[in-house]
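The values are calculated or read from the model by the stated rules, or taken from the named source; none is laboratory data. If you're wondering where the values come from, they're calculated on a predicted model, not measured in any experiment. Positions of Cβ are generated from backbone atoms using ideal geometry, with glycine treated the same way; all protein chains shown enter the neighbour counts. Just so you know, the surface numbers come from the protein's heavy atoms only, side chains and all, with ligands and any DNA or RNA stripped out. Shrake-Rupley method; radii C 1.70, N 1.55, O 1.52, S 1.80 Å.
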Amino acid sequence: MAADNTIKLHYDVPNDDFTRAGEASSDLKGKLKQMGISPDAIRKVSIALYEGEINMVIHANGGYIDAEISENGLKLVLCDTGPGINDIVQATQAGFSTALEQTRMLGFGAGMGLPNMLQNTDDMIIDSIVGVGTTITMFIKM
Amino acid sequence: MENFYHSIYLDKELCKGCLNCIKRCPTQAIRVRNGKAVINNKFCIDCGECIRICPHYAKLAKRDTLEILDKFEYTVALPAPSLYTQFNNIKDINLILNALLGLGFDDVFEVSAAAELVSEATIKYIAEHKEQWPIISSACPSIVRLVRVRFPNLIEHLLPIKAPIEIAAEIALKKVTEKTGLPRNKIGLIFITPCPAKVTYSKEPLGIEKSEIDGVLAIKDIYPLLLEALKDTVKEYEDSPMPELSESGKIGIGWSVSGGEANGIVSDNYLAADGISNVIKVLENLEDERFSGLNFIELNACAGGCVGGVLTVENPYIAQTKNKRLKKYLPVKVSSFNNRATTVYSEDVDFDWNKEIVYEPVFRIGNNVIEGINNLNSVEKIVESFPGLDCGSCGAPTCRALAEDIVRGEASDTACIYIFKEYFNFLTLQLSTLTHNMSDASDAGNSIANLEQSLTSFFNKDAAPPEKEEKEEKKEKK
Ligand SMILES: Nc1ncnc2c1ncn2[C@@H]1O[C@H](COP(=O)(O)OP(=O)(O)OP(=O)(O)O)[C@@H](O)[C@H]1O
Ligand code: SF4
Ligand code: SF4
Ligand SMILES: [Mg+2]
């Protein structure tokens, strides 16, 4: 059970389901509005979380998201057991993508996801082990 | 908080509490309490969905009747272009406009003519405000109201230009004042509307201080009268040429169907969505900045565009076909800042919005963030205790909506028939224990005390006494 004045929310991100990718960010967004979080923080959360969620679907095999929200800010943990990221520095560069042609046809793969996530968070930690998975922790201040 | 006037209302007598509307409302504004629908006026955006769905015609829209013409010395009809698509075999818009005069109006000025000017102003605005891309159309009042309560980050993307109905009213006013010399209060500017949202707009517009529109008639109300007037008009001009009153072309007429407004801005980088649930999806995606490279977003709450308004008579898709036929022989546009009569009057009309739109966080469940977080925790906990069927029997559209109502202090968990059943079974069990123990005097005392306690806690659960609701529910089932 969450401590007082904090709320924890959990989302499963299903494997390979493009139509459902974005459900977590959209649900969280609605709840943040109900909580009275500032529109500016909501904008950042929805952009960063959506990008992270879609990466989990495209590049990994889905996973889960844990959100913890308090008056001071949000902590978002995105965890997957996908292939992992080989070179994190390279992956976060604008325009870098390993997306296949097929994915690009769907409009993804511009290599802007991770840069957008970095830009819309106050802090972001990428933990990744090739062959094991990736955990991205994002902080957004209020 | 201001501007929460609504044209949508409930006729309590007609409402059967059938629950059909609660799930259809896009903002979850409706609850059924004590057997009758109740609209939360902070949530409602006057989209008209509940009018569309109610099988008992209990949801209605306020509007004026033709008698309003008697209140003024000189009246001008401002027909929405969707009116033109309601008739069979009418190829000339002038016929409809002349028939409107036959209804008793002194003059007529087309909203579609003003729309062509708004299209021109929009083109200019888009080109000059790249930082605001994508710009979201603001002509549908329900969309503006929806953005205001639900999409705070998109308010700055709304096109800050007056809607065609307002520009039409302002131009008509200038024209008539010059022609008749009458004071403002003797001139009646009467809009002919396809939807309730524009009635709401005329009373409490967003983006501007006050609308010049003096009254609003519904297309479906004047339709039968207009059919008669059309016959008379045809007869009247059998041997003489009919006065040419129309001042609009393809662009202006096109505004009545989804995609028409975007068509008028001559751009390929636009998106047009219609139907309130589609619109909400687009707004959600826009908020996550999922579209890049678009400069204009046209949104219409009604499926098909304004021709799908609940105060029209024709099927919206047939209306779309008729719209195409009407446009066939028309020039691209007639009204423009550079030509004809409208120019003279539009010259000193101010097209820009003059009032800021402020985010109204009506969906908040606390007075501050801490309260919001704690209340949401309570909501989550209550939701877990519900069966998750979203059956609607409690009068709320979803289990979550009921949980939110409980946390807001507006409902009790016994409104849920499943929870109610559990309590009921529990009480029955205690009662049977009591009867069983009656033979043994010492245990009976204990059981009575237990039962009394359960009963007290059960009935205290409800802020509003549950008895009434129960009775209503039982009646419904018979
Ligand atoms: N969860 C993940 N698991 C494995 N690899 C990932 C993950 N997230 C990102 N990557 C790698 O990092 C690269 C860059 O990611 P980024 O989100 O910036 O771009 P993209 O997803 O390829 O394209 P875009 O996000 O613009 O559609 C990806 O192409 C992929 O190789
Ligand atoms: S649909 Fe709604 S307004 Fe109409 S009768 Fe049923 S509960 Fe009442
Ligand atoms: S008009 Fe629309 S928003 Fe208002 S109560 Fe009806 S369905 Fe809901
Ligand atoms: Mg990505």
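Annotations for the structure displayed:
- Excluding same-chain neighbours fewer than eight residues apart, the lysines reachable from A:Lys8 by a Cα-Cα span under 18 Å are A:Lys29, A:Lys31, A:Lys33, A:Lys75, A:Lys141, B:Lys381.
- Among A:Thr19, A:Thr92, A:Thr121, the residue with the largest mean-square fluctuation in a Gaussian network model of chain A, with springs joining Cα atoms closer than 10 Å, is A:Thr19.
- Whole-percent pair-distance distribution, where bins are 5 Å wide, for the alpha carbons of segment B:66-345: 1, 6, 13, 17, 20, 18, 12, 7, 4, 2, 1, 0, 0
- Antiparallel content of DSSP bridges confined to the protein assembly as shown, in %, to 5: 65 percent
- Hydrodynamic radius (Kirkwood) for segment B:97-252, which is based on Cα pairs only, to one decimal in Å: 17.5 Å
- Excluding same-chain neighbours fewer than eight residues apart, the aspartates and glutamates reachable from B:Lys328 by a Cα-Cα span under 12 Å are B:Asp92.
- As a ratio to 2.2 N^0.38 Å, the alpha-carbon radius of gyration for segment B:167-307 is 1.32.
- Reciprocal mean inverse distance between Cα atoms of segment B:271-321 - Kirkwood radius, Å: 11.8 Å
- For chain B, the mean residue ellipticity at 222 nm estimated from helices alone is -13000 deg cm²/dmol, where every DSSP H run of n ≥ 4 contributes -39500 (n - 2.57) and the total is divided by all residues, rounded to the nearest 500.
- Segment B:1-62 - Rg and Dmax from Cα coordinates, angstrom: 10.6, 33
- GNM remark for chain A: springs join alpha carbons under 10 Å apart, and the peak mean-square fluctuation among A:Gly82, A:Gly22, A:Gly73 falls on A:Gly73.
- Tensor-based shape of segment B:26-97 (alpha-carbon gyration tensor, a/c under 1.5 rounded, otherwise prolate or oblate): prolate
- Volume per residue that the Cα convex hull of segment A:13-140 spans, once the total is divided by residue count, Å³: 95 Å³
- Stretchable slack from B:Asp232 to B:Lys174, in nm (0.36 nm times residue separation minus alpha-carbon distance): 17.9 nm
- Once the partner protein chains are put back, segment B:249-288 shows a loss of at least 20 square angstrom of accessible area, versus the chain by itself, at B:Glu284, B:Glu287, B:Asp288 (probe 1.4 Å, ligands and nucleic acids excluded).
- Kirkwood Rh in Å, taken over all unlike Cα pairs in segment A:1-45: 12.0 Å
- Size of the B/A contact, given as accessible area buried on both chains, probe 1.4 Å, in Å²: 2300 Å²
- The orientation-averaged projected area of the convex hull spanned by the Cα atoms of segment B:288-426 comes to 16.4 nm².
- FRET efficiency, B:Thr321 to B:Asn278 (Cβ-Cβ, R0 22 Å, nearest 0.05): 0.60
- Taking all protein chains into account, the per residue accessible area for the protein assembly as shown stands at 46 Å² (1.4 Å probe).
- Paired Rg and Dmax values of segment B:378-434, which use every Cα atom, in angstrom: 12.5, 39
- Local net charge near A:Asp17, Cβ-Cβ under 12 Å (Lys/Arg +1, Asp/Glu -1): -3
- Counting Cβ atoms of other protein chains within 10 Å of each residue's Cβ and taking the mean over peptide A:49-60 gives 1.
- Scaled against 2.2 N^0.38 Å for its residue count N, the alpha carbon radius of gyration of the protein assembly as shown is 1.14.
- Relative to the longest principal axis of the Cα atoms of chain A, the long axis of helix A:23-35 makes an angle of roughly 20 degrees.
- Net charge of the neighbourhood of B:Ile126, taken over other residues with C-beta under 13 Å away and scored Lys/Arg +1, Asp/Glu -1, is -4.
- Percent accessible area from carbon and sulfur atoms, the protein assembly as shown, protein chains only, probe 1.4 Å: 51 percent
- Antiparallel %, DSSP beta bridges [both residues in chain B], to 5: 30 percent
- Rg over Rh [alpha-carbon atoms, Kirkwood Rh] for chain B: 1.10
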